[in-house]
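Visitor: Before I ask anything, let me first share the structure, which is written out below as structure tokens.
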Amino acid sequence: MSLVIAHGLLLVMVLIELAIVHFQKKEKIFWKDVIFNLNSGHIFLWILRGVEISAFYFVSENWGFQIFNGWPYAMIWIFTFFTWDFCFYWLHRFHHKFKFLWAVHVIHHEGEHFNLSLGIRNSWYSSLTSFPFFIGLALMGIPVEIFVATSSIHYIVQFYNHNSIIKKSGWLEKIMITPSHHRVHHGKNPEYVDRNFGGTLVIWDKLFSTYQEELETVPVVYGVKDYVTNYDVVSANNLPFLKILGLSIKENVQKQTFISIPKYLIVTGGILLFGLYTYYISIETNWNQYQKLGLFMLTFIGTIASGGISENKKWGANLWLLNFLLFSPLFIITFRIFEPILGFVLILLALNSIIMTINIAKDKN
């Protein structure tokens, strides 16, 4: 339940920040970018995060040296807090240095608008390439529950560091990675490239000469060089690997069918989809494998379709409508699942789909 609350709070904080940016700072919200950020890793990343945790548990239990036997629990926590952050520093730095690892991480840096939703934007595969950097902790015998709890604390700090509201953090700038430090990390300015790899503590960047303060005379320009806007979740997660292999996917734009989809439908659909993903987390330990697979497929197909409709592609709309007007009722009827919260979310997604259908029909006329 705590994980469900945490994911719900992430979404609430994203929306609160966007409200402040829009109403108080009078800045434009790039909604399609926000929706992509929320759904880029999503449920597929969640499944692979489970693989990472399972692998950690297996190594710790079977091959761990259990060097912490007899240690006070508090000391194990403190040790894990600092060593996890040290491991993350090198994980992050290596993901910028080596092409294969950069192919995993680049999706996070392709976001050109710095806000809390960017903190959620990640590759499907990021947990798989993270595990090798934490295997040392498993071999030491760090209990898996401490590993998971500690990593969660660090990830919350990293999420916070993507906010666009806080400019400077006073004395915290000297000991922690702050939003200012992390803005630098996301900059494609020559002064800022490959700087500030730390996750929570700034000591590692200062120790290994990768620290760079945000300069008042050099405004941060976000993104990566030669990026072409892409809201297709499948393409964004996999195209970097094809580029490494010298392969490319050339879309025949002339054969593509484009349609006009109101932005409010894309936004509400994307937010509801994040809600569906959060609900999946809540039932993961209670439902049987077939029920979970069914909800996984509904959510995963939704993320793929969401990318298509964000690019106004007809196939995206068709897949979205098929998923939430046909597959969704079939899922409920087949498994006889009548849970109020799930039903409410699916009804709203169906309503979103019906309104989308009406808009598409109007455009044809």
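The values are calculated or read from the model by the stated rules, or taken from the named source; none is laboratory data. What you see is a predicted model; the values in this text were computed from it and never measured. Cβ sites come from the backbone with ideal geometry, for glycine too, and all protein chains shown count toward neighbours.
Visitor: Return the residues of the range 338-365 that are assigned to a helix (DSSP H, G or I), closer than 18 Å to residue 258 by Cα and out of contact with any Ser or Thr (no Cβ under 7 Å at 6 or more places or on another chain); say none if nothing qualifies. Explain how you work it out, then say what you get.
Guide: Let us first name the residues in the range 338-365 that are assigned to a helix (DSSP H, G or I), namely 340-364.
Now restrict to residues that are closer than 18 Å to residue 258 by Cα: 353, 355-364.
Those that are assigned to a helix (DSSP H, G or I), closer than 18 Å to residue 258 by Cα and out of contact with any Ser or Thr (no Cβ under 7 Å at 6 or more places or on another chain): 353, 355, 356, 357, 358, 359, 360, 361, 362, 364.
Visitor: Here is a list of conditions, (1) within 22 Å of the chain's Cα centre (by Cα); (2) touching a residue at least 60 places away in the same chain (Cβ under 8 Å), and residue 98 meets all of them except one; can you say which number that is?
Guide: The one condition residue 98 does not meet is (2).
Visitor: Oh, and also: Name the one entry in 213, 173, 191 that is in a helix (DSSP H, G or I) and more than 23 Å from residue 11 (Cα to Cα). So that I can check it myself, show each step before the final result.
Guide: Numbers: 213 fails: in a helix (DSSP H, G or I); 191 fails: in a helix (DSSP H, G or I).
Checking each option against the conditions leaves just 173.
Visitor: Follow-up question, since we're still on this one. I'd like the residue in the range 150-182 that is touching a residue at least 12 places away in the same chain (Cβ under 8 Å) and of a type in the set (Gly, Ala, Ser) and, out of all such residues, is farthest from residue 74 (Cα to Cα).
Guide: 164
Residue-wise test of (1) closer than 27 Å to residue 236 by Cβ; (2) surrounded by 14 or more Cβ atoms within 10 Å (Cβ to Cβ).
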residue: 269; (1), (2): yes, yes
residue: 278; (1), (2): yes, yes
residue: 288; (1), (2): no, no
residue: 298; (1), (2): yes, yes
residue: 310; (1), (2): yes, yes
residue: 328; (1), (2): yes, yes
residue: 334; (1), (2): no, no
residue: 337; (1), (2): no, yes
residue: 343; (1), (2): no, no
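Visitor: Something else about it: Could you pull out the residue among 210, 278 that is closer than 30 Å to residue 50 by Cα and either assigned by TED's automatic domain parsing to the domain that holds residue 345 or in contact with a helix residue (DSSP H, G or I) (Cβ under 8 Å, 6 or more places away or on another chain) (or both)? So that I can check it myself, show each step before the final result.
Guide: Details: 210 fails: closer than 30 Å to residue 50 by Cα.
Every option except 278 fails the conditions.
Visitor: Against the condition under 27 Å from residue 355 (Cβ atoms), at pLDDT below 95 and surrounded by fewer than 20 Cβ atoms within 10 Å (Cβ to Cβ), how does residue 259 come out, does it pass?
Guide: Details: under 27 Å from residue 355 (Cβ atoms): yes; at pLDDT below 95: yes; surrounded by fewer than 20 Cβ atoms within 10 Å (Cβ to Cβ): yes.
Considered against the rule, which asks whether it is under 27 Å from residue 355 (Cβ atoms), at pLDDT below 95 and surrounded by fewer than 20 Cβ atoms within 10 Å (Cβ to Cβ), residue 259 comes out as yes.
Visitor: Of all residues in the range 144-196, how many are over 22 Å from residue 221 (Cβ atoms) and either among the β-branched types (Val, Ile, Thr) or buried (at least 20 other Cβ atoms within 10 Å of the Cβ) (or both)?
Guide: 10
Visitor: Can you tell which of 147, 114, 131 is within 25 Å of residue 6 (Cα to Cα), modelled with pLDDT of 95 or more and part of a loop (DSSP other than H, G, I, E, B)?
Guide: Details: 147 fails: part of a loop (DSSP other than H, G, I, E, B); 131 fails: part of a loop (DSSP other than H, G, I, E, B).
Being within 25 Å of residue 6 (Cα to Cα), modelled with pLDDT of 95 or more and part of a loop (DSSP other than H, G, I, E, B) holds for just one of 147, 114, 131, which is 114.
Visitor: While we're here: Look through 102, 124 and report the one residue that is surrounded by fewer than 17 Cβ atoms within 10 Å (Cβ to Cβ), out of contact with any strand residue (DSSP E or B) (no Cβ under 9 Å at 6 or more places or on another chain) and among the hydrophobic types (A, V, I, L, M, F, W, C). First the steps, then the outcome.
Guide: Details: 124 fails: surrounded by fewer than 17 Cβ atoms within 10 Å (Cβ to Cβ).
After applying the criteria, what remains is 102.
Residue-wise test of (1) small (Gly, Ala, Ser); (2) not in a loop (DSSP other than H, G, I, E, B).
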position: 55; (1), (2): yes, yes
position: 86; (1), (2): no, yes
position: 95; (1), (2): no, yes
position: 124; (1), (2): no, no
